[in-house]
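So the structure is just underneath, and the comments pick up after that.
The values are calculated or read from the model by the stated rules, or taken from the named source; none is laboratory data. This one's a predicted model, so the numbers in the text were calculated from it and none came from an experiment. As a convention, Cβ positions derive from the backbone with ideal geometry for all residues, glycine included, and neighbour counts pool all protein chains shown. Calculation scope for accessible area: heavy atoms of the full protein, side chains included, ligands and nucleic acids excluded. Shrake-Rupley method; radii C 1.70, N 1.55, O 1.52, S 1.80 Å.
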Amino acid sequence: MKSQEWRYLKQHPALWRILLGILVIPLFYAALFLASVWNPYGEMHRLPMAVVNQDRGTQTLHWGQTVSRELVDGKSLQFHQMAATKAQRELKAGQLFLVLKIPATASKTLRHLATTPRQLQLTYDTNAGQSTVAAKMGATAMQKLQTKLNQSAIQAELQASQKAAVSAGQQLKVTASQLAQVSQASLLGLPATQVAAATQKIATGLAKHSQQLSATRRADQLKQLAMPVKLTQHDVVAVANNGTGMAPYFMAISLFVGCITLNIIYDARKRHGNYRNFVYAWLDKMGLLWGFVVLAASCMWLGVRYIIGLRPLEPGKTYLLSLLIVLAFFSLVTCFRLWFGLTGAWLMLLFMLFQIGASGGTYPIELTNPFYRAVHPYLPMTVAMAGLRHTISLGGSIAGISWILVGIVVGFSLGTLAYFYWHRADVPEL
C-alpha cells in the first residue's frame, strides 16, 4: 500500500524545506553547544588571573617574589602581577576571574618553619556573581597550585636551613680556634682571671652555636608539616546557590525561546483590520504582541521569584530589565519573521542556538574557541545576561546595557514598521 503521507509531500514540495530545516536543528544544537564546552579545563591558561605580592621578604628568603615570578612565567595558568587595588577592580568588573594575594609576612613565616612552625594562610578571591563556574574552576586550579606552593615553601626553608648549618659550622670553627688560643695563653702564664673570662665567653658562644645547629637539625620537622601553605577562597560577590549564578543565562534563553515560539504560532503578517494608514495597522498588531510578551516576561519573573525562590540584589531593576530584554528579543525575532516568513523564524532559532554556545553562559567565554570569543560581545543574549548579572548579584549601573537594549528595540521596530509600509497596499484579512 502506497503511503498517503509520501504522496502528500510530493504534492507540496514547500514542506520539504520545512522538514529539512527541522532536520538540521539537532545537528546545530549539538555542534554549536559542544563547540563551546569541548575542552574548557584544557583552556585554563586563557582565564586571566592576578597575583598580588605584598611579601616584604627577609635577608635569606624572598618567597613571594619567587612564587610570583613562577606564576607569571608559567604556562598552565594565565597570571598577571599587579597592585591590589587594580586587581580587585578588574575582578569585580569581570576582567579577572581570580586574584591570589601573598601577605607581607609570607617569607618571615616560612623562614621560621624549622624552629617555630606556623601555617602560612594565602587568600584567593573569586567572583561567583560574575560566573559561578569560573569560581569553581578557580578553586580546582588552586587546589593543584597549593601542592606546588607547599613544595616550594619546604624547599625554600630547607635551603635556608642548610645555609644556617654552614654558617653555624663556620662559627664553631672560629670558636674552637679561640679556645685553642686561650689554652695557649694560659700556658704562657696569663693571669687566671683573664683566662677565666675568656673561657666563659667562649663557652657561651659554644652553647649558642650548638643551639643553632640543633635548630637546623629540626628541619626534619618540615616533613611532618604536610601543609605549610594553605589557600583559602573568598568570593568578593557571593551567590546563594548555583541557581542564582545561572539565573541570568536561563532567563535570557527562556525569553528568547518565548519570542520565537510566539512568532511561529502567531503569524504577525496577517492583518485583521482595514487600516488606511500603515502606522495604525502596525500599532494594532505590535501593540497586542508587545503586551503579550510583557505579560509572558512578568509570568517568568513571578515564577522564578516566588516559586523557584530567586532573591536578586535589586528585584525591581531585575523585573524592569526583564521587560526591556523581552521587548528587544521580540523586536529582533519579529522583524525577521515578517520579512522572511517562517524561514526568518527558523533563522532566529538557529541564531538562538548559536548564542547559547557563544554567550558564555555555561563556561567563561575565554575558554571557548576563537570565533566564539570574537563575536561574544556583540550578541543580544550576551548583553542581556550582563545586565541580569548586575541586578541579581553584582550591583552597579546598568545604564549602558539598557541603552543598548533600547537601541535594539528601536532599530528592529523600525524594521517591522518598514515591512508594514512596504505591504501597505495588501488586502487585509476580514
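Quick notes on this structure:
- Test: Phe329 is under 22 Å from Thr391 (Cβ atoms), within 32 Å of the chain's Cα centre (by Cα), among the aromatic types (Phe, Trp, Tyr) and buried (at least 20 other Cβ atoms within 10 Å of the Cβ): yes
- Leading residue by the ranking (surrounded by the most Cβ atoms within 10 Å (Cβ to Cβ)) among those in the range 1-40 that are of a type outside the set (A, V, I, L, M, F, W, C) and in contact with a helix residue (DSSP H, G or I) (Cβ under 7 Å, 6 or more places away or on another chain): Ser36
- Note on the range 59-70: residues that are surrounded by fewer than 18 Cβ atoms within 10 Å (Cβ to Cβ) and at pLDDT 90 or above amount to 4.
- Test: residue in the range 245-260 that is assigned to a helix (DSSP H, G or I), crowded, with 19+ Cβ neighbours inside 10 Å, free of Cβ contacts under 8 Å to residues at least 40 places away in the same chain and not aliphatic (A, V, I, L, M): no
- Residues being in a helix (DSSP H, G or I) and either β-branched (Val, Ile, Thr) or surrounded by 13 or more Cβ atoms within 10 Å (Cβ to Cβ) (or both) - total across the range 388-410: 15
- When Ala418 is tested against (1) small (Gly, Ala, Ser); (2) buried (at least 19 other Cβ atoms within 10 Å of the Cβ); (3) assigned to a helix (DSSP H, G or I), exactly one condition is not met: (2).
- Filter pass, Arg56 being in a loop (DSSP other than H, G, I, E, B), open to solvent by 30 Å² or more (accessible area, probe 1.4 Å), modelled with pLDDT of 90 or more and not hydroxyl-bearing (Ser, Thr, Tyr): yes
- Looking across the range 301-318, the residues that are without any contact (Cβ under 8 Å) to a residue 60 or more places away in the chain and either surrounded by 17 or more Cβ atoms within 10 Å (Cβ to Cβ) or under 20 Å from Leu283 (Cα atoms) (or both) come down to Trp301, Val304.
- Scope the range 340-387; condition of a type in the set (Phe, Trp, Tyr) and open to solvent by less than 20 Å² (accessible area, probe 1.4 Å); matching residues: Tyr372
- Any chance Ser413 is over 22 Å from Gly243 (Cα atoms), touching a Ser or Thr at 6+ places or on another chain (Cβ under 7 Å) and assigned to a helix (DSSP H, G or I): yes
- Considering residues of the range 361-377 that are in contact (Cβ under 8 Å) with a residue 40 or more places away in the chain and part of a helix (DSSP H, G or I) only, the residue nearest to Leu91 (Cα to Cα): Glu366
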